[in-house]
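Below: one structure in structure tokens.
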Amino acid sequence: MRRQTAVIGAGMAAARLTAQLFARDPGAAVTLFGDEACAPYNRALLAEVLTGRLPAGTIGLPLASAQVRSGVEVVAVDTAARTLELADGSIAAYDTLVFATGSNPVLPPIRNLHCTSNTGEGGELKQGVHAFRTLADCARLAEAVPGARRAVVVGGGILGVSAARALAELGLPVEIVHQAPYLMERHLDEDGAVALHRALGRLGVAVYAENRAKSLHGTDRAEGVTLANGYRLDADLVVLACGARPRVGLARAAGLDVRTGIVVDDGLATSAPDVYAIGDCTEHRGVVHGLSGPAWEQADVLAARLCGAEATYAGSRVGARLTAGPVEIAAFGDVDPVPDDGPHDVIRLADPTRGSYKKLVLRGDRLVGAILVGDLATVGALTHAYERDEPVPADPLHLLIPQGAPQ
């Protein structure tokens, strides 16, 4: 009999693992257990579903011949017996187990966030307050937009920027509240954030950087947000986009080694025999990535290993990308080096008229970081050079200006 591979989670990492397993072994026996009622889909495209640019049914991910048990929660894992306990009380056996549980959205410490009758962390959020992480979140938000007057997005990372852009495209006045000095500080430098700020401004999005949302107004429905400096923003739609935290409760209860994420080695193995972990829930060499690129790379490595090939995961060269709609961004690598990092060269091109900003960071003849805002014409060549660690041309400006473009 074929070994039974069970995957807890049915998100992007699980879908990628499944596709790679069946590409290597068409007769594999794989079952995915997913909390969500729908089959796996591409979370990176949620904003495009919200705007209506893409129908929800078009963002599904291929699963080959895997069995997907959607809406089935795994509530306990017995690594000694190699069994899973499901929410309905039934038991499922496995030979190989993969945690791909992803992450949960972080709820910010905002007073009066929950309905007055549900004040606990797990209580019901006020009407008009939405997370933006799942397809169900997206559907609820889309239903709320037609009756809304103003929106506030709490969080100015890539998810918050994506949500704000989508809401603005739908015609709502939008304000972003962000604690850091500038937007997407994990991926952009200050000049890149200024270009992004201007692009959002052209859509009617206001930004309150270095600000914190302190409290929410309204009894059972959102009516506004008060900032830590006392300024009040009127809003009947509030979107929480404050990052995510690895979902590790099940793994911890099963006795796996867990720090911030589920600890894995270079083979993506956990501390239990024949138990692995990939994606947002993992911690590898002390790093939790929380991005789709590293999750897919981990899935590729694990699929190879489970099929008997030699493969190791040494970490990922991460980046962020927002490419659909009127706000386009790509950023990866070390975009804001300090002198202690060693000698480096920086090339910048800014065109405020066209709303574009481009930056390359080079060490010798190698590209170690890049930012593109407003013009992604050369992102393919840049990504290729960065990911493969290849020498750049003698005149690296060619990586910023496409051939035939006006100089």
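Quick one: what do you get for segment 90-185 if you divide its Cα Rg by 2.2 N^0.38 Å?
1.34
Along the charge dipole of the chain, which of PHE33, GLN298, VAL7 sits closest to the positive end, that is, farthest toward it, with unit charges on the beta carbon of Lys, Arg, Asp and Glu (+1, +1, -1, -1)?
So the residue we want is PHE33.
Once R0 is set to 22 Å, what does the formula 1/(1 + (r/R0)^6) return for the Cβ-Cβ distance between ARG348 and LEU203, expressed as a FRET efficiency to the nearest 0.05?
Efficiency for this residue pair is about 0.35.
To continue, here is another question. So for each of 388-398, 258-268, 278-288, 350-360 I average, over its residues, the number of other beta carbons within 10 Å; can you give me the resulting order with the highest mean first?
Answer by packing, highest mean first, reads 278-288, 258-268, 350-360, 388-398.
Where q = 0.27, 0.32, 0.33 Å⁻¹, what log10 of I(q)/I(0) comes from the Debye formula for segment 262-307, counting one point per Cα?
-0.99, -1.28, -1.32
Okay, next question. If you roll a 1.4 angstrom probe over the protein chains with everything in place, what fraction of the accessible area of segment 4-108 belongs to carbon and sulfur, to the nearest %?
Taking all protein chains in place, segment 4-108 shows 50 percent carbon and sulfur surface.
So, one more: Once you order the gyration tensor axes a ≥ b ≥ c over the Cα atoms, which shape class does the chain get: rounded for a/c under 1.5, otherwise prolate or oblate by comparing a/b with b/c?
Oblate is the answer for the chain, as a/c is 1.5 or above yet b/c matches or exceeds a/b.
Next question, about the same structure. Please get the size of the charge dipole for segment 249-407, origin at its Cα centre, with Cβ charges of +1 on Lys and Arg and -1 on Asp and Glu, quoted in debye to the nearest 20.
Taking the Cα centre of segment 249-407 as origin, the dipole is about 340 debye.
Moving on to the next point. Rank by packing, highest mean first: peptides 17-25, 139-147, with packing defined as the count of other Cβ atoms within 10 Å averaged across residues.
Highest to lowest by the protection proxy: 17-25, 139-147.
Suppose we keep just the DSSP beta bridges with both residues in the chain; what percent of those would be antiparallel, to 5?
Roughly 55 percent of the DSSP beta bridges within the chain come out antiparallel.
Packing-wise, with mean Cβ within 10 Å as the measure, how do 130-137, 166-173, 249-256 rank, highest first?
With the highest mean Cβ count within 10 Å placed first, the list reads 166-173, 130-137, 249-256.
How much net charge surrounds ALA228 when only the other residues with a Cβ under 14 Å from the Cβ of ALA228 are counted, with Lys and Arg +1 and Asp and Glu -1?
My count for the surroundings of ALA228 gives +3.
Keeping all protein chains in place, calculate the accessible area per residue for segment 186-343 (probe 1.4 angstrom), answer in Å².
For segment 186-343, the per-residue accessible area is 45 Å².
Classify segment 5-148 as rounded, prolate or oblate from the Cα gyration tensor: take a ≥ b ≥ c as the square roots of its eigenvalues, call it rounded if a/c is under 1.5, otherwise prolate when a/b beats b/c and oblate if not.
It comes out oblate by the Cα gyration axes.
Now, a different point. Let me know the Kirkwood hydrodynamic radius for segment 243-376, please, with Cα pairs as the basis and the value in Å to one decimal.
Computed over segment 243-376, the radius equals 17.2 Å.
Mind checking which of LEU372, LEU237, LEU84 has the largest fluctuation in a GNM of the chain, springs on alpha carbons under 10 Å?
Top of the fluctuation ranking is LEU84.
So what is log10(I(q)/I(0)) for segment 123-280 at q = 0.18 1/Å, when the Debye sum runs over its Cα atoms only?
Listed by q, the Debye log ratios stand at -1.02.
Shifting gears a bit: Take ALA381, project a point 7 Å from its Cα along the Cβ direction, then tell me which residues of segment 306-349 have their backbone nitrogen under 16 Å from it.
Answer for this model: 347-349.
Quick one: pull the percent of accessible area on segment 289-381 belonging to carbon and sulfur, 1.4 Å probe, ligands and nucleic acids left out.
The computed percentage sits at 49.
Between beta-carbons, use under 13 Å as the cut-off and find the net charge around LYS358, counting Lys and Arg +1, Asp and Glu -1.
Here the charged neighbours net out to -2.
Something else about it: Just name one of LEU86, ILE278, GLN127: the one whose Cα is farthest towards the positive end of the charge dipole of the chain (beta-carbon charges, Lys/Arg +1, Asp/Glu -1).
Sorting the options by dipole projection puts first GLN127.
All other residues with a Cβ under 12 Å from the Cβ of VAL129 taken together, and with Lys, Arg as +1 and Asp, Glu as -1, what is their net charge?
My count for the surroundings of VAL129 gives -2.
Counting each DSSP H run of 4 or more residues in the chain as -39500 (n - 2.57), what helix-only mean residue ellipticity at 222 nm follows after dividing by all residues, to the nearest 500 deg cm²/dmol?
Helices in the chain give a 222 nm mean residue ellipticity of -6000 deg cm²/dmol.
Let me ask something else. Mean separation of Cα pairs under 8 Å and 6+ residues apart, divided by the residue count of segment 183-298: what relative contact order is that in percent?
It rounds to 12 percent for segment 183-298.
Report the rotationally averaged projected area of segment 32-94 based on its alpha-carbon convex hull, in square nanometres.
Computed as one quarter of the Cα hull surface, the answer is 5.3 nm².
Same structure again: Which value, in debye to the nearest 20, gives the size of the charge dipole of the chain about its Cα centre, when Lys and Arg are +1 and Asp and Glu are -1 at the Cβ?
Roughly 680 debye for the chain.
Using θ = phi - 60° and the Karplus curve 6.51 cos²θ - 1.76 cosθ + 1.60, what whole-Hz ³J(HN,Hα) does each residue of segment 282-296 get, with Gly and Pro shown as x?
So the Karplus estimates, Gly and Pro as x, are 9, 10, 10, 6, x, 10, 10, 7, x, 10, 5, x, x, 4, 5 Hz.
Placing one identical point scatterer on every Cα of segment 1-54 and ignoring solvent, what is log10 I(q)/I(0) from the Debye formula at q = 0.20, 0.29 Å⁻¹?
Per q value, in the given order, log10 I(q)/I(0) is -0.76, -1.13.
Then there's this: What residues of segment 88-119 lie in the reach of a label at VAL75, counting those whose backbone N is under 16 Å from a point 7 Å from the Cα along Cα→Cβ?
Flagged as within label range: 88-92.
The values are calculated or read from the model by the stated rules, or taken from the named source; none is laboratory data. Keep in mind the model is a prediction, meaning the values are calculated, not measured. Positions of Cβ are backbone-derived with ideal geometry, glycine not excepted, and every protein chain shown enters the neighbour counts. Remember, those area values only see protein heavy atoms, side chains included, never the ligands or the DNA or RNA. Shrake-Rupley method; radii C 1.70, N 1.55, O 1.52, S 1.80 Å.
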